[in-house]
Amino acid sequence: SSCGMVISVAAADNPAVRALVYVAGFAPEPGETAVQLSGKFEGSTLAGALIGYPLTSGGNELRIAAEKFHGQFCADLSADEAALMAVTQRPVTERALTEGLTVNEPAWKTKPSWFVYGESDLNIPAELMRFMAERASSKGTRRIPGASHAIAASQPDAVAATIFEAANDVHE
């Protein structure tokens with residue numbers, strides 16, 4: 001869920017990065033957190049699906065509860081796929097969701113950006129994705145009807161098409 005935060009930090013000053021594709025990911029302003037962005041529009045039910053475990057270094061790591069995973073994260077995938085994803089999910093630290101973006105200028109302000117997201121995403125609501133895409137002056141935005149947060153798994157063709165569109169645009 002904090003993918004956009006990592007992209008903005010890693011890509012901002014890297015001349016090898018010529019374009020960004022946000023696949024159901026956050027595109028924050030400096031200082032914005034994933035939690036703040038998630039609360040900007042209605043529709044995220046992630047907070048109620050998370051369970052926390054203390055870290056020895058302090059703070060907590062969070063996972064989506066196994067019994068809530070399918071509906072919360074990947075409702076458009078089969079129960080078997082969801083069960084596998086639930087047991088292999090990578091936790092996120094509480095800090096990653098509550099710490100603001102630490103760069104002066106996010107990469108989406110200087111690099112052309114594309115967005116692809118699910119209309120039925122319960123982690124990052126579609127209206128928030130639309131807002132971030134517009135704010136970033138997205139060169140291409142795909143809102144996929146019925147798609148969940150796991151859009152890369154459930155709609156790989158739409159994700160690949162968005163990536164190809166971005167790659168073709170920057171190589172012209």
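The DSSP beta bridges internal to segment 1-142 are antiparallel in roughly 45% of cases. For THR141, the amide hydrogen comes within under 5 Å of the amide hydrogens of PHE115, counting only partners 5 or more places away or on other chains and with H modelled in the peptide plane.
Within the shell of other residues whose beta carbon sits under 11 angstrom from the beta carbon of GLY52, the net charge comes to -1, with Lys and Arg scored +1 and Asp and Glu -1. In units of the compact-protein estimate 2.2 N^0.38 Å, segment 103-143 shows a Cα radius of gyration of 1.18. Taking the helices alone, the chain has a mean residue ellipticity at 222 nm of -10500 deg cm²/dmol, built from -39,500 (n - 2.57) per DSSP H run of at least 4 residues and averaged over all its residues. Using a probe radius of 1.4 angstrom, the carbon and sulfur fraction of the accessible surface of segment 17-125 is 53%.
Here segment 123-169 and segment 69-107 have alpha carbon centers that stand 16 Å from each other. Excluding ligands, DNA and RNA, the accessible surface per residue across the chain is 51 Å² with a 1.4 Å probe. Under 5 Å from the amide H of LEU55 lie the amide H atoms of ASN60, GLU61, each residue being 5 or more positions distant or on a separate chain, with H modelled from the backbone and absent for Pro and chain starts. Amide H to amide H distances under 5 Å link HIS149 with ALA75, LEU122, ASN123, where only residues 5 or more positions off or on other chains count and H is placed in the peptide plane. Global size of the chain: 15.8, 50 Å for Rg and Dmax (C-alpha atoms, Rg to one decimal, Dmax whole). Listed by chain and number, the lysines whose alpha-carbon sits under 30 Å from that of LYS139, ignoring those within fewer than 8 places in the same chain, are LYS40, LYS109, LYS111. Let me know the shape class of segment 102-172, please: from the alpha-carbon gyration tensor, a ≥ b ≥ c as square roots of the eigenvalues, rounded when a/c is under 1.5, otherwise prolate if a/b is greater than b/c, or oblate. In terms of gyration-tensor shape, oblate.
Mean sequence separation of contacting Cα pairs (under 8 Å, at least six apart), scaled by the length of segment 56-172, corresponds to a relative contact order of 27 percent.
The values are calculated or read from the model by the stated rules, or taken from the named source; none is laboratory data. Source: prediction; values computed, not measured. Note: ideal-geometry Cβ built from the backbone for every residue, glycine included; neighbour counts use all protein chains shown. All accessible areas refer to the heavy atoms of the entire protein, side chains included, with ligands and DNA or RNA removed. Shrake-Rupley method; radii C 1.70, N 1.55, O 1.52, S 1.80 Å.
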